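Quick notes on the structure that follows.
Nothing in this text is a laboratory measurement; each read-out follows from the coordinates by a stated rule. What you see is a predicted model; the values in this text were computed from it and never measured. Heads up, the Cβs are rebuilt from the backbone with ideal geometry, glycines too, and the neighbour counts pull from every protein chain shown.
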Amino acid sequence: MRLIAKFFQVIKTKYIFVTGGVVSSLGKGIVSSSLGKLLQARGYKVTIQKFDPYINIDPGTLNPYEHGECYVTVDGHEADLDLGHYERFLNTPTTKANNITTGRIYQNVIDMERRGDFLGKTVQVVPHITDEIKRNIMILGNTGNYDFVITEIGGTVGDIESLPYIESVRQLRWELGKNCLCIHLTYVPYIAAAKEVKTKPTQHSVKLLQEQGIQPNILVLRTEKELSKNICHKVALFCNVDEDAVIQSYDVPSIYEVPLVLAQQGMDEIVLHKMEVPIERELDLDHWKKFLNNMKTAEQTVRIGLVGKYVELPDAYKSINESLLQAATYYKRKLDLRFIHSEKVTEENVADLLMGLDGILVAPGFGQRGIEGKFIALKFARENNKPTFGVCLGMQCMVIEFARNVLGMSGANSTEMDMDTPYKVFDLMEEQKNLTTMGGSMRLGAYDCILEKGSIAHQAYQSDLVRERHRHRFEFNNNYKKQFEEKGMKYTGVNPGTGLAEVVEIPGLKWYLGTQFHPEYNSTVTKPNPLFMSFIEAAIKENQEVLSKL
Ligand code: GLN
């Protein structure tokens, strides 16, 4: 009986795979999120997962220069930044099950081998690794919570490391029949000298996929300009794909417009039709369209400076950028986001860099590099009463700057930066001190935080208790709490179980607030994070004040 139920479940859930060809960085994550949004807007329950072919167990140990921001799920998984897109588009939380790497697949299989689970058999890529990939692909579907599971396969077709994934998709396609659909995303370049767009790379990429046993059902062509009907006809003909299933995803000013671009071409209907799912509901994208309309009609600007050390690589702060944009859009403002390199901030240039801004956000991060610039920026922001938001390391810097310059604790620091500091304002917790491994050893995931009534944080969240996500090792040293509070820096958010500091504020200032947690991981298009809303509101007020003085 259980077996039948399980079988029924597997048949009921529909699996959509998204692969990419020609080049990387085409935006598979955005296309997956956009299709997910459309299916959700038709009333279906959707989740999106990412399978990454690299050997790291998770991206937690990766430098942001490698893969951009490390996103964190509520259950404390350090995940690929595409999971951030999935959450921002679908407004549903992801978990560890939504992001698998080759490292985890091999680790599971090797653990099984050591336990003797394979009963003396030779352990091989096919079937053992592919079986483990397939098992992981089906985990969320087997919960019975979803009508559609969209699986994005990282990397580009043709990569050596993608092969076991493509083979697993081939097998599942065979096993699941109509309940499985393959979408391939490729690139159609425009050759300026010839004044022509070229479909050959797409043809080659599809051939490669066919050689590996997969005939895509739908092609999405990434292109800078809209393609003619002729081009789509040609691609359909050469690639064995129905003409209406050749969808184009041309460049649009905002990633949040992509669902509409796909909807215009009926992509959701094509998917439902191919998977033999009856279309029962009209697309309900009202809320989404209102958001986009705000974005398009916004006339006034809000100017925010983001002080961090990865400014050459905006993807390193992806969730912060998007949270600011979402909040600004709700207030019908254009976001003018300026990246300020913390290594380049000096006493001499700080006024030039920050004075004209409406709000300053000091970014999260690790290690010593660029930290002194953050202190200089924060001192300026505090003394000039600029709306200022410190996130994780940014909050720690707020506290350290206050210790040094207001409490007179010269050389105060976090032991992350200086083991011998005379004032260990931030330090490792006892249980962290003996850890020797890096991966997954931080305070990770969602923790409760009690907010003090009357604080900015409480006003923003309109709640006594919130849960936000963490990713850090060092904690505020509560031995100093009294000294800080006496001089005006208040601890307005505290973890109820441990007493650890979560939110600091200087109530005498307009909006000066730091969070040990990362509110940016919990901000979506339909539900922007309340702290980001409150910060942008304060920045808009600042902007009006500055303008009225001109
Ligand atoms: N490096 C700091 C810590 O580990 C802050 C981390 C962060 O900003 N995510 O505590």
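Quick notes
- Global form of the range 218-306, assessed from the alpha-carbon gyration tensor, a/c cut-off 1.5: oblate
- Ascending count of other beta-carbon atoms within 10 Å, so fewest first, for Lys424, Lys12: Lys12, Lys424
- Relative packing of 228-235, 39-46, which averages over residues the other C-beta atoms within 10 Å, highest first: 39-46, 228-235
- Panel order for Arg303, Arg88, by other beta carbons found within 10 Å of each beta carbon, from fewest to most: Arg303, Arg88.
- If you model the chain as an ellipsoid using its alpha carbon gyration tensor, with each semi-axis the square root of five times an eigenvalue, the axes come out at 44, 28, 21 Å, biggest first.
- Whole-Å distance, taken between Cα centres, linking the range 186-238 and the range 363-406: 49 Å
- Take every pair of alpha-carbon atoms less than 8 Å apart whose residues are at least six positions apart; their mean separation over the length of the range 175-256 yields a relative contact order of 30 percent.
- Top positive-direction residue, dipole computed over the chain with Cβ charges, set Thr186, Pro216, Thr297: Pro216
- Estimated [θ] at 222 nm from DSSP helical runs (n ≥ 4, -39500 (n - 2.57)) normalised by residues in the chain, nearest 500: -11500 deg cm²/dmol
- The chain - charge dipole about Cα centre, Lys and Arg +1 at Cβ, Asp and Glu -1, debye rounded to 20: 760 debye
- Placing +1 on each Lys and Arg Cβ and -1 on each Asp and Glu Cβ, with no other charges, gives the range 409-538 a dipole about its Cα centre of roughly 180 debye.
- A Cβ-based charge dipole, computed about the Cα centre of the range 318-441 with Lys and Arg at +1 and Asp and Glu at -1, lands at about 520 debye.
- Rounded, prolate or oblate (a/c below 1.5 giving rounded, otherwise prolate when a/b exceeds b/c) for the range 504-544 by Cα gyration tensor: oblate
- Using θ = phi - 60° and Karplus 6.51 cos²θ - 1.76 cosθ + 1.60, couplings along the range 407-424 (whole Hz; Gly, Pro as x): 8, x, 8, 4, x, 4, 6, 9, 5, 5, 9, 8, 5, 9, 4, x, 10, 7
- Gap separating the Cα centres of the range 451-511 and the range 38-86, nearest whole Å: 29 Å
- Considering only Val125, Ile150, Thr13, the residue lying farthest towards the positive end of the dipole of the chain is Thr13, judged by Cα position with unit charges set on Cβ.
- Percent of beta bridges antiparallel (DSSP, the chain, rounded to nearest 5): 35 percent
- A P(r) calculated from all alpha carbon pairs of the range 45-204, with 5 Å bins opening at zero, reads 1, 8, 15, 18, 18, 16, 11, 6, 3, 2, 1, 0, 0 percent.
- Residue list for the range 519-550, given a label point 7 angstrom along the Cα-to-Cβ vector of Val406 and an amide N cut-off under 11 Å: none
- Residues Asp284, Asp58, Asp147, sorted so that the one with the fewest Cβ neighbours within 10 Å comes first: Asp284, Asp147, Asp58
- DSSP-assigned coil residues among GluC sites (Glu not before Pro) in the range 345-396, each with at most 16 further Cβ atoms within 10 Å: Glu347, Glu348
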